[in-house]
Each structure stands twice: as C-alpha cells, then as structure tokens.
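Report on one structure; see the data block that follows.
The values are calculated or read from the model by the stated rules, or taken from the named source; none is laboratory data. Fair warning: this is a prediction, and the values are worked out from it, not measured in the lab. When we count neighbours, we look across all protein chains shown, and the Cβ atoms used for this are built from the backbone with ideal geometry, even at glycine. Accessible surface areas use protein heavy atoms only, side chains included; no ligands, DNA or RNA. Shrake-Rupley method; radii C 1.70, N 1.55, O 1.52, S 1.80 Å.
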Amino acid sequence: MQPLSIRTATAILVASCLSLTWTGTPVQAADKKEEKTIYKDARATIDSRVEDLLSRMTLEEKILQLSQYVLGNNDNINNIGETVKKFTGEEGSLIFVGTDPRLRNAMQKEAIENTRLGIPILFGFDVIHGFKTVFPIPLGQAASWNPDLVAQACRVAAREAEATGIDWTFSPMVDIARDGRWGRIAEGFGEDPYLCSVMSATSVKAYQGDDLSAEGSIAACLKHYVGYGASEAGRDYVPTEISRQTLWDTYLPSFEAGVKAGAATLMSSFNTISGTPASANHYTMTEVLKEKWGHTGFVVGDWNAVDQLITQGMAPDRKTATLYAFNAGLDMDMVDNCYRENLADLVSEGLVAQERLDDAVRRILRLKFMLGLFENPYTAETEAKERFLLPEYLETAEQLAQESMVLLKNDKNLLPLKKSSKIALIGPIVKNRFDMLGSWEGRGSEDDVISIYDGILASKEGEFEVNYAKGCDFDGEDTSGFPEAMAAASKSDVIVLCLGEKRAWSGENASRSTIALPEIQEQLLVELKKSGKPIAVLISSGRPVDLSRIAPMADAMLEIWQPGVMAGPATAGILSGKYNPSGKLAVTFPYSTGQIPIYYNHRNSGRTGAQGEYQDIQSTPMFEFGYGLSYTDFHYGPLTATLPGGRTASGTEDDAIEISSGQKFTAQITVTNTGDKDGKETVQWYICDPYCTITRPVKELKHFEKQMIKAGESRTFTFEIEPLRDLGFVNEDGERFLEKGDYYIMVQNQRIKIRII
Ligand code: BGC
C-alpha cells in the first residue's frame, strides 16, 4: 500500500472538517429575492462591479479572498502544508483535486448561498500537459516546434478541466531550464527564451480563448515567477544566483510574452533570486510585472511559499513572512494560511496599506467576474465519458506525441523498419503504461495509455512480428532477464530496445546527480550488441539524457519523452514510417553530466581554439538545441533578404546589407524535399550580434516555422524582421536597445550580414 501523502492527508483533514453535504443532486442557483446590486448586475462593467463589491466587503472577507486551500484528494507528496480546519465558503480559491463536478458544485453552493455576499470560489488545479487526455510532457511538446498543435492540446485540456469544474490551471510552466539534473526541466519548454516565449503565449491564448467566460476556457497561470530553473546544481527549492541582466535577457522574456498574451495570473517561485526570495520580491512582482508590464491579474504564491520565507532565512516568523510577501506583491496565499492568520493585524498596525489590500482583492474579484462565475457558478454534472478522452482529443494526443519525438541517429536508414520485420522488442518501458504519462499527469490514468507494445502490435503499416522480452528493470542489478532478451534478439531481424526513466525521476523534487540512465540499462545494450543485429534504441525520459555510451552501440536512436496516453500509436507510427519524425530538441543533450550547464546560446569565451576546453571529454554537447533528423532530406536554397522597396540582397560577408534601425525587412529561404517521403521541416532563424557593449549569445533564436513539404516539392520560409525587436537586446533595466554595426541572420550553415547604420 502506498503511504498516505501529506497532501492527501491534508485534503482528507480539510474535507472531513467541512460541513458540506454532498447530495448528489444537481445544484440550483439561489432563488432568493434580492435587489439588483451593481455587482450582481451582469450588464454593468466589470470595473464597476468590482468596485461595488469591494465597497461592501469587511476586512475579514477581503482577506479570505486572498486565501487558497485544497479541496478533495491530493496526491502530490512534495509539499508540507499547514492547513485550515474548515472551509467557510468565503475562501477566495480552492485547489480542486477531484474529478467529480458534484463535489465542486456542492462547495460552490456553500459560497453562493451560505455566505453574506455570495462570492463564487475560484477552483484551480495543475493541468500541466492534459487533464484526462494526457499529452507529452511540455519538454516534449516544445520539441514539436508546432505551436498550433500545442494550442490544440491546451484547448482539449481546458475543455476536459472546465467540464469537471476547474476554472484555473497552474500552467504553463515557462521556466527556462538548462540543467538536466533538475527534475522540473520536464515541465517546461526547454532552454531557449524565444521558443519558450512562443509556447508561453500560445498556451495562454489557448487555455483562455478569446473570452474567459466562454465554455471551454480556463484562466492560465504563468509559473514559476521567476528564475526557478536556475536552481543551483539542479537541486529543487534551492537558491538561484541571477543578475539583473540575466533576469532580463534569459528568465523574464517567457513571462513577458505570456503576460502580453493576456495571462490572468502568475505563480511566484520557490527560489531565492540573488538573496531575495521570489515570493517576497518587490522588484519582480510589483515593479516589473504590475508597474512596468501593467499586469492587471494577480500573483498566487506557490505551495507554502509564504511560510517558506522563514526556512529561506528571510522572515523570522509567519507574520513577518506575510508582511514581506504581501507588500512585495504576492496577492493570493497558497495553502499555508499565513495571510488569513496575519493580514488583519498587519493592516490595523498600519504595516500593510488599505490600498495594497484593496488592490490585491480587486485583482482576484476581477478574474472571477471575467470568468463569468457570478452568472454561472456551477458546472454541468455530466458523466466522465461525455467529458474525457473523446476521439478527436486522442487524435491530437497522437499527433503531438509523434511530432514531439526526435530522431537522434539513423545509420543506414535503419528506421523506418521494413514492413513485416521480425522485431525483438525489449526493455523496461515496452509494456509499461504508468511511466508514459510523465510527472503532473493531471487526472490521467495508466488505464488510458496505449503501451508501445500494444501500439506496435496494432500497427497496420508495420505488420511486425514481435518477439518481446523485458530484459531488465529501470534500475537495480538483476540481469536474469538478459538471456531471454538475447533469445528474442536471435529470432529477430532487428532489435528495438526501449530504455528510459520512471516518471517519478523527473518533475518536482526529483533531482538527479547524473543524467545517465542506470547502468543496468546500458549493460543490457552491451549484451544485445553481441547478437550482431541492428539496434534501434528508444529513450523515454523527462530530461536530456547522457547518451555518450549508448550512441556508439546504437544504429538508430529515437527520443520519445514521456509521450502520454497515445505513446503506443505515436511510437509505432514513427517506427513503421506512418509518421516521418519532425521533432527537434528544445534542450541541449550534454555529452555527460559534467558539462552541465551547457546550452546553445552561451556567450563567447575570452579564448578560442583548444583553450578552456575540458581535458578529459569533448567540450561540445552530444546533440545541440534544435537538432533532429528526418526520414527524408531537405535541401536549403540560398538565404536572401528583401529590403524596403522590394530589392533583394544577398548580404555576403564583404557586402553587408545596410539598413536603418527603423526599417523593417524580410529574409527568406526556399527548402526542397529532395527525398522520397513527405515530411515536415522546421526552419530555425537565428541572429548573431558579434560585438555589443553588453556581450551577447553566440546565436539567438528569433523566429521559426514548421511546414509540411511533400517529396519533391519546395516551400519558401520567411522571417519578417523589425530591427529593434529582432536584432536588438535588453539591458539590466529591461530597456531594449539597438546598437549600430553588423549583425548576422543565420539559417543552418548560411548567414547574411546586416549593417545597422
Ligand atoms: C508546485 C507548483 C504547483 C503547486 C500546486 C507546487 O508544489 O511547485 O508547480 O502548481 O504545487 O499543486
């Protein structure tokens, strides 16, 4: 039996202290005769409704709006939280961890009917990569380089969640992560600020839709604000050291993009940023977010984050922690009850200003009005089968899974496998369904996962003959399965060895000291190599993996991440050639753990050549950000620029294209599919500013586009360039600037020179 997690225990305690009765009958709206007060009048503007409601609220009611607790069964074992003894119905928000809308409605009924003002509760939940239809982990989604597909997945997640009573997801996670040891690298979109910004804005728009009150829309939450991914040595919850410059050029852009896309909320992070905890950081939460970016939504603290200011060494007690967090700009307190215990005293002592209190409450009420919760507080009580895993949802899940997979190696075109091949299907993940879901699986269940084994058996394109053997477990030292694996290999034409990580090895509080797979898995490969049969290695992981010993023994390698419920069909589709792999890494795969941190957009060293390199291993990574192979070949034509007035220029090294800082222009390239298979190609546009008073990365991604190119056909890809936006940089105050001089626009191994005059 699983030990009872702290969160589960917390939730049970809270639920048992509740006096709510779950009648199982649909909830009706209150039919009391009430005068039409402004805040109840749907025709009034949201601002006037907010002000009216605010003017009626007591101090205690306001503070309750700033407080969030947990409703239902919570099975995240990572957080130790203080909890309340009972709900009043006046709490601002509850994390709803159930799947039955009747429970949620019963709680909402308390709020609407049995409280003085009838303010609806905002129900939040971690819908990270799907709710019931689980999609690939976000690190995999980013590798699809297909924002439209990611948006479709977010829409599905929003529909399933909203139909269950979730108003608000704690997603997207847009932390830049460059350390594969950090388990939470799985939850984000990788190492690059631009790719992460695109996915951030895409997810926000998709979750929220055009109208937050519309069916299928939920509020988004950008997290973890900010710099959490810079965790020292890849450990979780630890301090980070981030200069203002790095904050602005690396960690803030994905949040800024999400805020510009309309993100309703943000979640403050657990880390200390160069001495000041992110959850008590006036600069990031107030000066940047609310003042500079003009964000009108609210900031929720991460789980227990206010109380954690004590363990972080900033506040000596919960009252001081409340003071620091609240005055810094953290509006809603997640589960630790600090605000509820201390804010009233702090207001009466004059340490917290009434204006600050009203501002925080206003932000939360505004979202409740925008979500339409005052008009429609209840969720339709439908059956699970009406809400979940609909055929079109599974179609999106399969597409996103297959587009996220990255072909890392394919010697002698081993993949796709020949039709009717005899395959030795070996490894700990072949029949595994549980670990295919990845961390933060929402309400996903392993019962809904199609395993790799079942996917391959069902492959119509492949019609493979399968000889299965597990070979070994994920870890441990038991080699007793090796002979069976060898026997399967000897009966087969080709070995498909499926290795990888358990899902609990990544996600929150899941740091690892090495990003290599456990030795037993590498030993199995060594053993199978003796068979002389060609080997395709599949890797399922929640992080970049050290493949330095695996790569030389593998003829082909495919990174499948944790692909979600459609793991089997997506993987089988790639192996059989139904799908042509189009994923490209969103994170650099180091050669070994010792290279970390290693990322493509580093700055230049002071010395070139062999100086400063490692003495014992290569200094270059195994696979760089943006890398990924296809079953077809793409030929890139010449890279050109079109200047204002329509003149086309080549921008050779001696003949830079001169342009003034205000002039927009375009660059374009034509790509031809010269192979015999249709395929999708992502053109990645990078820029380089070789000399700048604030030194810049050697390469910076600024634009990308993925298009299907049929065999033999060509497609033109265009990058519309606004010099300040695309060539400029940001300083430590967050101001964009563009220096005069030379820049490069780069695609693959071509570049053109631009001179800003
Ligand atoms: C995590 C957040 C999550 C929150 C609520 C925290 O432990 O850091 O990412 O949204 O719990 O479950």
Sole exception among (1) in contact (Cβ under 8 Å) with a residue 40 or more places away in the chain; (2) farther than 27 Å from PRO138 by Cα for GLU383, by number: (1)
Positions within the range 543-562 being touching a Ser or Thr at 6+ places or on another chain (Cβ under 7 Å) and farther than 22 Å from ILE596 by Cβ, in sequence order: ILE560
Could you please find all residues in the range 235-279 being within 18 Å of the chain's Cα centre (by Cα) and either in the same structural domain as ARG512 (by TED's automatic domain parsing) or among the small types (Gly, Ala, Ser) (or both)? SER254, ALA257, GLY258, ALA261, GLY262, ALA263, ALA264, SER268, SER269
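This table checks each residue for (1) touching a strand residue (DSSP E or B) at 6+ places or on another chain (Cβ under 7 Å); (2) on the phi < 0 side of the Ramachandran plot; (3) not aliphatic (A, V, I, L, M).
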{"position": "ILE495", "(1), (2), (3)": "yes, yes, no"}
{"position": "CYS498", "(1), (2), (3)": "yes, yes, yes"}
{"position": "LYS502", "(1), (2), (3)": "no, yes, yes"}
{"position": "SER540", "(1), (2), (3)": "yes, yes, yes"}
Collect the residues in the range 671-704 that are under 24 Å from TYR631 (Cα atoms), of a type outside the set (Lys, Arg) and surrounded by fewer than 15 Cβ atoms within 10 Å (Cβ to Cβ), keeping them in residue-number order. THR674, ASP676
If LEU266 passes every condition in (1) within 18 Å of LEU66 (Cα to Cα); (2) assigned to a loop (DSSP other than H, G, I, E, B); (3) within 16 Å of the ligand (Cβ to nearest atom) but one, which one does it miss? (2)
Reported set for the range 138-161 where residues are more than 14 Å from the ligand (Cβ to nearest atom), buried (at least 24 other Cβ atoms within 10 Å of the Cβ) and either farther than 21 Å from SER404 by Cα or under 10 Å from the mean Cα position of the chain (by Cα) (or both) is LEU139, GLY140, GLN141, ALA142, GLU160
Of the residues ILE598, ILE617, which is assigned to a loop (DSSP other than H, G, I, E, B), crowded, with 21+ Cβ neighbours inside 10 Å and not assigned by TED's automatic domain parsing to the domain that holds ILE456? ILE598
Out of (1) aliphatic (A, V, I, L, M); (2) under 23 Å from the mean Cα position of the chain (by Cα); (3) assigned to a helix (DSSP H, G or I), what's the single condition that is false for ALA572? (2)
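Might you let me know whether the range 331-353 holds any residue that is closer than 30 Å to GLY209 by Cβ and among the basic types (Lys, Arg)? Let's see the steps before the verdict.
Taking the range 331-353 and keeping what is closer than 30 Å to GLY209 by Cβ, we get 331-335.
Pick out the ones that are also among the basic types (Lys, Arg) and you get none.
No, that holds for no residue.
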Residue pairs within 8 Å by beta carbon, gap of at least six or interchain, first lying in the range 691-702 and assigned to a strand (DSSP E or B), second among the basic types (Lys, Arg) and open to solvent by 40 Å² or more (accessible area, probe 1.4 Å), listed first then second, are PRO697/ARG603
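Of all residues in the range 667-683, which are in contact (Cβ under 8 Å) with a residue 60 or more places away in the chain and either of a type in the set (A, V, I, L, M) or within 17 Å of HIS602 (Cα to Cα) (or both)? Working first, answer last.
Quick first cut of the range 667-683, residues in contact (Cβ under 8 Å) with a residue 60 or more places away in the chain only: 667, 669, 677-683.
Those that are in contact (Cβ under 8 Å) with a residue 60 or more places away in the chain and either of a type in the set (A, V, I, L, M) or within 17 Å of HIS602 (Cα to Cα) (or both): ALA667, ILE669, VAL683.
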Hey, does the range 173-180 have a residue that's outside any loop (DSSP other than H, G, I, E, B), within 16 Å of the ligand (Cβ to nearest atom) and under 30 Å from ASP52 (Cβ atoms)? no
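Identify all residues within the range 298-344 that are of a type in the set (Phe, Trp, Tyr) and either surrounded by fewer than 21 Cβ atoms within 10 Å (Cβ to Cβ) or within 16 Å of the ligand (Cβ to nearest atom) (or both); write none if there are none. First the steps, then the outcome.
To start, the set of residues in the range 298-344 that are of a type in the set (Phe, Trp, Tyr) comprises 298, 303, 324, 326, 339.
Once the filter is applied, which keeps residues that are of a type in the set (Phe, Trp, Tyr) and either surrounded by fewer than 21 Cβ atoms within 10 Å (Cβ to Cβ) or within 16 Å of the ligand (Cβ to nearest atom) (or both), the range 298-344 yields PHE298, TRP303, TYR324.
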Find all pairs meeting these conditions: Cβ atoms under 8 angstrom apart; at least six residues apart or on different chains; first residue within the range 619-632 and in contact (Cβ under 8 Å) with a residue 40 or more places away in the chain; second residue in a loop (DSSP other than H, G, I, E, B) and of a type in the set (Asp, Glu). PHE625/GLU191; PHE625/ASP192; THR632/ASP676; THR632/ASP678
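In the range 546-569, how many residues are of a type in the set (A, V, I, L, M) and closer than 21 Å to THR479 by Cβ?
Residues of the range 546-569 that are of a type in the set (A, V, I, L, M), as a first pass: 547, 550-551, 553-554, 556-558, 560, 565-567.
Filter once more, keeping what is closer than 21 Å to THR479 by Cβ: 550, 553-554.
Count: 3.
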I'd like the residue in the range 213-258 that is open to solvent by less than 30 Å² (accessible area, probe 1.4 Å), away from the ligand (no atom under 16 Å from the Cβ) and part of a loop (DSSP other than H, G, I, E, B) and, out of all such residues, is farthest from ASP175 (Cα to Cα). GLY216
Across (1) open to solvent by less than 20 Å² (accessible area, probe 1.4 Å); (2) assigned to a loop (DSSP other than H, G, I, E, B), ALA641 clears everything bar (2)
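Is there a residue being out of contact with any Pro (no Cβ under 8 Å at 6 or more places or on another chain) and within 14 Å of the ligand (Cβ to nearest atom) anywhere in the range 279-292? Show your work before the answer.
Pass one, the range 279-292, residues out of contact with any Pro (no Cβ under 8 Å at 6 or more places or on another chain): 279-292.
Now narrow it down to the ones that are within 14 Å of the ligand (Cβ to nearest atom): 279.
Checked against the condition, which is being out of contact with any Pro (no Cβ under 8 Å at 6 or more places or on another chain) and within 14 Å of the ligand (Cβ to nearest atom), the range 279-292 yields at least one hit.
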Considering only the range 345-373, state which residues are of a type outside the set (A, V, I, L, M), open to solvent by less than 40 Å² (accessible area, probe 1.4 Å) and closer than 23 Å to ILE112 by Cα. ASP358, ARG363, LYS368, PHE369, GLY372
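Restricting attention to the range 23-32, does a residue exist that is part of a loop (DSSP other than H, G, I, E, B) and at pLDDT 90 or above? Can you show your working first?
Residues of the range 23-32 that are part of a loop (DSSP other than H, G, I, E, B), as a first pass: 23-32.
Checking which are at pLDDT 90 or above leaves us with none.
The answer is no, given that none of the residues of the range 23-32 is part of a loop (DSSP other than H, G, I, E, B) and at pLDDT 90 or above.
Can you tell me how many residues within the range 410-435 are open to solvent by less than 40 Å² (accessible area, probe 1.4 Å) and outside any helix (DSSP H, G or I)?
15
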With the condition kept exactly as written, say whether any residue in the range 381-400 is modelled with pLDDT under 95, crowded, with 16+ Cβ neighbours inside 10 Å and either in contact with a Gly (Cβ under 6 Å, 6 or more places away or on another chain) or not acidic (Asp, Glu) (or both). yes
Determine if the range 196-203 includes at least one residue that is open to solvent by 10 Å² or more (accessible area, probe 1.4 Å), among the polar types (S, T, N, Q) and away from the ligand (no atom under 14 Å from the Cβ). yes
